[in-house]
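To start, the structure itself, in structure tokens.
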Amino acid sequence: MSRANITVTVDGVTYTDDVEPRLLLVHYLRDRLGKTGTPIGCDTSNCGACTVHLNGESVKSCAVLAIQADGAEVTTIEGMADGQWHPLQQAFHSEHALQCGYCSPGMIMAAADLLRSNPRPSDQEIREGLEGNLCRCTGYENIVRAVRRAAEAGATS
Amino acid sequence: MTADTQAAQAEQGRARLRKEDARLVTGQTNWTDNIVLPGMLHMVFVRSPMAHARITSVDLSAARALPGVIAAFSGADFADEQGSLPCAWPVTEDIVIPAHPPMAVEEVRYVGEAVAVVVARDRYTAADAAALADVSYEPLPPVLDLRTALDESSPKVHAEGNKSFEWVFAQGDADEAFRGAPVVIERNYRQQRLIPSAIEPRAVVATDVGGEFTLWSSTQIPHVLRVMLALVTGIPEQNIRVIAPDVGGGFGSKLQVTAEEVLAVLVTRKLGRPVKWTESRSEGNLTVHHGRDQWQRIRIAADRDGRLRGLSVDLLADMGAYLMLVTPGIPLLGAFLYNSIYKMDAYSFRCTGVFTTKMPTDAYRGAGRPEATFAIERIMDELAAELGMDPLQLRERNWIRHEEFPYTTISNMEYDSGNYEAATARARELFGYDALRQEQNERNLDGDPVRLGIGISTYIEACGWAPSRILGQLGYAGGGWEHASVRVLPTGKVEVVTGTSPHGQGHETAWSQLVADQLGVAFEDVRVLHGDTQVSPKGFDTYGSRSVAVGAPAIFSACEKVLAKAKRLTAHMLEASENDIEFSDGRLHVRGDPEKGYSIPELALATFAAHNMPSGMEPSLDSDATFDPENFSFPHGTHLCAVEVDTETGQVSIRSYVAVDDVGKVINPMIVEGQVHGGIAQGIGQALYEEAVYDDDGNLVTTTLADYLVPSAADLPSYVTDRTETPATTNPLGVKGVGEAGTIASTPAVVNAIVDALRPFGITDITMPCTPERVWRAIQNARGNGGAA
Amino acid sequence: MIPAKFDYVRPSSLDDAVRALDEGGEDAKVIAGGQSLLPLLRLRLSYPELLVDVGSLGLRGVRDEGESLLIGALTTHDDAIRDPLLAAHCGLIAEAAGRVADPAVRHRATIGGALAHADPAADMPAVMIALDASMIARGPGGERTIGAEEFFSDYLTTALAANEILTGVRVPKLGHGWGYRYEKFHRTAQAWAIVGVAALARRSNGQVAEARIGLANMGSVPVRARAAEAAAAGADASADALRSAAQHADEGTRPPADLHGAADYRRHLARVLTARALAVASGA
């Protein structure tokens, strides 16, 4: 087919849209749904800025076709706060784990996924868990501190 | 008068959490690519696949025919209106500044140079249309090696030849200093070409509404850009508004007037519709200006006891194909810093700027000073090895002593203050220097295949760009002042309008802290406005670690003026003499009678009603100030790095990294520490991972993040940081700035460590980036040459 | 940045998938996790006209077949890391899967996709030839089994016909006495292996009775280091002896020279990493 109808639930809201197969999930989120909280940083799935959760797992939304997300549940950075900030959002703030903030949505989503499967990571495990997310501003020192702090606060996803 | 407010300096030095974070951690950001306007069209550029060629034809008919395409333009379509991208720093009188059309018309000179642009209803159609552009080229020979580009036989990048300029500086008699010096060593170092790689790719949105232009751009320089756009396009300056919305990192790479910005303005004017351009990462690797790229020939002369006599520096600097905004000046920013913190009798510097058929170079974090620091800190280690001295001891023998400040160096820089002893002592302590040396010795004696190396970098940096008068002497077209307005609103809240343009540095927070202290208002009650030339009409923006050293004093001055007005009004309202009014604990009152007085918010309300103003005083506390520094500021520090080198594979891992930096007084130590962390990471990136590589045809090989290796958290160590605090004497706040210091310091610390680990093999240098292969090969070559280990 | 246009189908049965691929001919391509394919499409290095998405075909998970395990082609790398059968019987796959790319990529990237993509620098192909795995393919003519070494025929090329789909890979259960190690040498955590070594060693009486070594990025296909295997067989399970055996690791290879490594450096790495991998695999 050269166009398809997809139904995707994003941050708790269900959308139905007509899309080209080549439409990247990240473009669907940003351009079609107006969910500009998820940025794009590269074209080879290296930077991780576009990381979202797809059916509960972190994925790089630039490396998923929107059509492949048909029927799926997607959580973006805009869906992480639940009345109040997610512990990771809070920890990134309190540990100064962001400067320009461009990598932060992806970094937070990746960290949330890490804590889901490893609630008490060591610093080395945090660094390895975030190996798919590039930051040019912070040197990662405070990002590691933030994830550690969120873990200590009992954040498990 | 503000000296009275010691007790109220609650914000200075406080690790306030950032106001910026709220929108950034929740995704409520305003990146340029987020902007959507009615009727907006998308631009995609067609770019040259050739490093050097004549354009023989541009056929856009197939592109134009694609449904959804509104227009397509070649360079010829804009030839009469696009002008030339500016170079704001003609460093010599006879500098060659070739014409630089934003879109190539006749000739392309680097892979990626724009030759056409397609405009379509959506970004996908625009991409498809760009792929249909049919451009023919007649190849010309590329010029790729800096070292042979000046040969007679080399092909020419420009008709005027491949040499852009030669710039020299000398003080003292270098020949004399070298003649008969007991120890003279010479080294050649390569500063590889880097890609700054801010995580936000560039984006531009431009609109023309009845001749009034608005340009949103992921830029560090909205003010400079506005002026430059007016000069380049001829559009009246008052009809141009430039907005830097949220900007995702710059590091100098967005300190530029780009082809894409100029062309967006021209296209929107032609079409009468808003246009957007968003680059892809691979496009950006090609066409965001690159950093560094020098060959350095360094000679140092010393006595047997290590006392330095002289230093001679000769640089070949790769300009790339054109001179962009600051291109020729970048290597010269280091010219006055090769001598660093050391005393010597003579210094000579020469830099030749050379054209090649590659992307132009320009500012990248440190901009000339990392290159200088690398050269001097590397050769100091070499000299120490030559003399059989401990490298820290050699440095200490030559550095300017704490008591000697202010000190005018051999390169005519007047360092206002510093304390190299204190920073170094603290670094040594945190690092465990002596214990690590001992471990190193043991490992060497054991012939351990994993060797330990210790690297030192006692750096200085010259930042706080810049005293305007000195810029004039250097031939720079712009100034270095900074501007601020402080407005107290009727309900007592404060708006601070700054000419700085943050892109991660936390100015909304730090400037709030500064004003809160100065005016005795709550941190939460201050709002900082920036980045939009309609909101902040004046400034010189953010780069060169200037914002706290130049921007903050401007805010401070504006606050002083507010207080002066407040004092005058208070005196009038209390029927007292101005001389008897003081400001303490956030109130203006008669000295000795704090009960009777007013806060700044109360006075602002009084000016709003204006019922009781002194005659001759306007009913307003609002004040402007412009600060032009008298001198650069001179942060310094000592970084120590321990590496382990696996001699079997060449793999280098950083075992520990300690940074003790002295950036004078600080407003927000948390923000300062973050800048150090990020700076170190980029310096380590240069030392170990990063290089922009061109192949023999002039194609950039490292076009993606899969090949240009920006390190992740898993590739970097943890850093131990501390500060000493030697206030600057050239601004009332005592601040020096920190944005680039980490990067300037760290690269030589890492490379010195690697060479230190391998010196027992007879190795004296590894070319950056120190990849495992290069390390391994150096060991093989050394062993082949009989190097013992 | 933006892929060229393509059509897309997502069949719900294997027969439908094979039919779609068959009808699409040379211009049709299978997409599973898309982690190898999508970057190629975004850089416009590949222009399929039809993508056949095999994501709805089941084919995910590891099945115990008694003497062997059958890994469904759509088993993700993350699945492989966590799978109890692989952990118990073929830990080399779990270990290597954990070294591929990063967590988000591993949630999507499938074992089958990595094998069908056949990049010799990838980790899974080297692992599968070391294991003497068998690939199960389904085409219009039915199902067939292809041995791993035959499967990887050239750079980015497999023995799969254009109308065949890889449905699973069969791997032996490593019995008692077998140890393993995947050594991946790369410059950054996300980077491809400059050289990768998948080593298996069966230990018996303080010696290596048998060794199997698969090399990544030492040629246009993953390569078995047979000379080193022969040298290791019968060697003491000691670091020194295995280092000697490992000197043969690069024999018969034609390593590439590129941005990340020259050929002689790769040869050296193959030897060093094979020594290290054998030492770990044999518990030396």
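Using alpha carbons only, the radius of gyration of segment A:4-78 set against its Kirkwood radius gives Rg/Rh = 0.91.
For segment A:71-99, list residues with backbone N below 13 Å from a point placed 7 Å from the Cα of A:R116 toward its Cβ? Counting backbone N atoms under 13 Å from the label point, the list is A:73-77, A:80. With K and R counted +1 and D and E -1, the other residues having a Cβ less than 11 Å from that of A:S122 yield a net charge of 0. Each peptide in C:1-8, A:136-143 receives the mean, over its residues, of other Cβ atoms within 10 Å, and ordering these scores from highest gives A:136-143, C:1-8.
For the protein assembly as shown, adding -39500 (n - 2.57) for each run of n ≥ 4 DSSP H residues and dividing by the number of residues yields -8500 deg cm²/dmol at 222 nm.
For chain C, the relative contact order comes to 15 percent (Cα pairs under 8 Å, sequence separation of at least 6). Residues B:K561, A:K35 in ascending order of nearby Cβ atoms (within 10 Å, fewest first): B:K561, A:K35.
Span-like helix check, chain B: qualifying full DSSP H segments, with Cα axial length of 15 Å or more and mean Kyte-Doolittle of 1.0 or more, are B:222-233, B:741-758. Can you tally the net charge around B:W776? Count Lys and Arg as +1, Asp and Glu as -1, for every other residue whose Cβ sits under 13 Å from the Cβ of B:W776. Surrounding charge for B:W776 is +4. Charges were assigned to the Cβ only: +1 to each Lys and Arg, -1 to each Asp and Glu. The resulting dipole of segment A:87-152 about its Cα centre is roughly 120 debye.
Against chain C, whose longest principal axis comes from its Cα atoms, helix C:14-24 is set at around 70 degrees. Neighbouring Cβ atoms from other chains, within 10 Å of the Cβ of residues in B:715-726, number 3 on average. For B:S253, the residues 5 or more places off, or on other chains, whose built amide H falls under 5 Å of its own are B:R365. Each Lys and Arg contributes +1 and each Asp and Glu -1, all at the Cβ; summed about the Cα centre of segment A:4-78, the dipole is approximately 180 debye. Each listed q (0.13, 0.18, 0.20, 0.21 Å⁻¹) maps to a log10 I(q)/I(0) for segment B:635-789 from the Debye sum over equal C-alpha point scatterers, namely -0.68, -1.04, -1.16, -1.22.
Hey, how many Å between the Cα centroid of segment A:84-98 and the Cα centroid of segment B:60-88? What the calculation gives is 45 Å, centre to centre. Per the Debye formula on identical point scatterers at the alpha carbon atoms of the protein assembly as shown, with no solvent, log10 I(q)/I(0) at q = 0.06, 0.07, 0.08 Å⁻¹ is -0.52, -0.72, -0.94. Net charge in the neighbourhood of B:V91 (other residues with Cβ under 14 Å of its Cβ; Lys, Arg +1, Asp, Glu -1) is -2. Helix A:141-152: angle to the longest alpha-carbon principal axis of chain A, degrees 0 to 90, nearest 10? The answer is roughly 90 degrees.
Which Cα, out of A:G106, A:I126, A:A91, lies furthest along the positive dipole direction of segment A:87-152 (beta carbon charges, K/R +1, D/E -1)? Among A:G106, A:I126, A:A91, the one farthest towards the positive end of the dipole of segment A:87-152 is A:A91. The H on the amide N of C:G179, modeled in the peptide plane, is under 5 Å from the matching H of C:A201, C:R202, C:R203, each at least 5 residues off or on a different chain.
By the count of other C-beta atoms within 10 Å, a proxy for reagent exposure, C:R82, C:R138 are ordered fewest to most as C:R82, C:R138. When the alpha carbon gyration tensor of segment A:87-152 is reduced to an equivalent ellipsoid, its three semi-axes come out at 16, 12, 10 angstrom, largest first. What shape does segment B:290-354 take by its C-alpha gyration tensor, where a ≥ b ≥ c are the square roots of the eigenvalues and a/c under 1.5 counts as rounded, a/b above b/c as prolate, and the rest as oblate? Judged from the Cα gyration tensor, segment B:290-354 comes out prolate (a/c at least 1.5, a/b above b/c). The alpha carbon convex hull volume per residue for segment B:371-510 rounds to 218 Å³.
The angle separating the long axis of helix C:263-281 from the principal Cα axis of greatest extent in chain C is about 70 degrees. Take each residue of peptide A:46-53, count the partner chain Cβ atoms within 10 Å of its Cβ, and average: the result is 5. Here is the link list: A:K60/C:K173; A:K35/B:K665; B:K163/B:K270; B:K19/B:K276; B:K561/B:K736. Which ones come out longer than 31 Å on Cα distance? Distance filter (> 31 Å) returns A:K60/C:K173; A:K35/B:K665; B:K163/B:K270.
Between segment B:401-441 and segment B:199-215, the C-alpha centres lie 47 angstrom from each other. Per-residue mean of foreign Cβ neighbours for A:59-67 is 6 (Cβ atoms of other chains, 10 Å radius). Contact order for segment A:87-152, expressed relative to its length and based on alpha carbon pairs under 8 Å spaced 6+ residues apart, stands at 54 percent.
Bear in mind that the values in this text are calculations on the coordinates, not laboratory data. Please read these numbers as outputs of a predicted model, since none were measured by experiment. When we count neighbours, we look across all protein chains shown, and the Cβ atoms used for this are built from the backbone with ideal geometry, even at glycine.
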